[in-house]
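For reference, the structure is listed below as structure tokens.
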């Protein structure tokens, strides 16, 4: 059972599309497996999934089939490199992007019965703000916000943090800057968000670092490979390694404050009291 261990559940989110959230999720998952972590990567962009495309992996089943009762969640799991477990969603299926609260709860509850021992679950959420994103972020132990050097990314990231804080009571976030030309550029992006949150919100945002703009990252995406595997000595791969090392130091939640059991219980309780 997955729930035998205390699981570190990390939701990766962004205020807008195009910030590189899926690339971040997949490469961080890969980097963590290289450090000996047992990692599962959940593609939670339920209607426009692309983790399987990014990694060039295939499964006869995905989360849409689970919800239709055509297969069990365990049957969707793809074995990726270095033991990485991948749970694919559906692409181009509108209904998957419009799941009811009960359907979300049922999907999350299915993770409680997986016969896999993992210590880290990384959730690649959809871009923007919708019920799927807020559900997964609220249920996770940690929320990682991906930003890039675009004005809309800054404003939309602030908007996402505001909603998660004021409407869902999330007070702690992590932030990662993607595709920056210089390390200080990432710090400046983080500071711009922090200036706004410090004025208007009561949140704690930790800066994890930045992924540099790297031709090898673009080449690996085009080849449908992870840069952490295809070009492990590239600047971007080394950045993923550093960030994964930091994530590996995070304290695992205890049985009362995190993990898959808590992930399930919190979602069902929210639905019950809605």
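Per-structure values
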| item | result |
| --- | --- |
| Contour excess over end-to-end distance, with Cα ends at residue 251 and residue 116 and 0.36 nm allotted per residue | 46.5 nm |
| Listed peptides 192-202, 78-88, 98-108 by packing density, highest first (mean Cβ within 10 Å) | 78-88, 98-108, 192-202 |
| Tail fraction, Cα-Cα pairs, the stretch 23-107, threshold 19 Å, whole percent | 36 |
| Computed [θ] at 222 nm, helices only, for the chain once each DSSP H run of length n ≥ 4 contributes -39500 (n - 2.57) | -12500 deg cm²/dmol |
| Peptide ranges 7-17, 117-127 listed from the most packed, as the mean C-beta count within 10 angstrom indicates | 7-17, 117-127 |
| Along each principal axis, Cα extent of the chain, largest first, Å | 48, 42, 36 |
| Percent RCO, i.e. relative contact order, over the stretch 109-230, from Cα pairs under 8 Å lying at least 6 residues apart | 21 |
| Shape of the stretch 1-142, Cα gyration tensor, a/c cut at 1.5 | rounded |
| Relative contact order (percent, whole number), the chain, Cα cutoff 8 Å, 6+ residue spacing | 28 |
| In range of the label at residue 235: residues from the stretch 171-197 whose backbone nitrogen is under 12 Å from the point 7 Å along Cα→Cβ | 179-186 |
| Rounded Å value of the spacing that divides the Cα centres of the stretch 9-88 and the stretch 107-165 | 13 |
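Values in this text are rule-based calculations from the coordinates and carry no lab data. Computed from a predicted structure; not experimentally measured. Neighbour counts are summed over all protein chains in view; Cβ atoms, including those assigned to glycine, are modelled from backbone coordinates with ideal geometry.
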